[in-house]
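Each remark here refers to the structure printed beneath this line.
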Amino acid sequence: MSRTDAEGPQDHPLLHHLVRDIASRGEGILAAVVQEQHGGRLIRIAHIQPVDGIAWSTALDNVTAVR
């Protein structure tokens, strides 16, 4: 189990599943979730790999499962 108060990779139930980024409306596979320090607080960042194209990152709160 990952610590939630430390930087680094995090486990998530949607890892390696098809997800949608509500901010960009893009879809792809959730490749990683990383907790990073930004402005004195920890933010969970989702890294999404589309089927074709360039991977991108977004706040994990923007990620939903594609059904």
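Quick rundown of the values:
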| quantity | calculated |
| --- | --- |
| For Kirkwood radius over Cα pairs in Å, calculated from these coordinates, the label among (1) 13.9; (2) 12.1; (3) 12.7 | (2) |
| Full-stretch length increase - Ala65, Gln37 - with 0.36 nm per residue and alpha-carbon distance subtracted | 7.5 nm |
| Test item: Cα-centred dipole of the chain, Lys/Arg +1 and Asp/Glu -1 on Cβ, debye | 160 |
| Amide N of the range 50-66 lying under 18 Å from the label point, which is placed 7 angstrom from the Cα of Glu27 along Cα→Cβ | 50-56, 62-66 |
| Karplus-derived 3J(HN,Hα), 6.51/-1.76/1.60, for each residue of the range 36-52, Hz, glycine and proline x | 10, 7, 9, x, x, 9, 8, 10, 8, 10, 9, 10, 10, 10, x, 4, 10 |
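Since every read-out is calculated from the coordinates, none of them should be taken as a lab result. These numbers come from a predicted model, not from an experiment. Here Cβ is always computed from backbone atoms with ideal geometry, including for glycine, and neighbour counts include all displayed protein chains.
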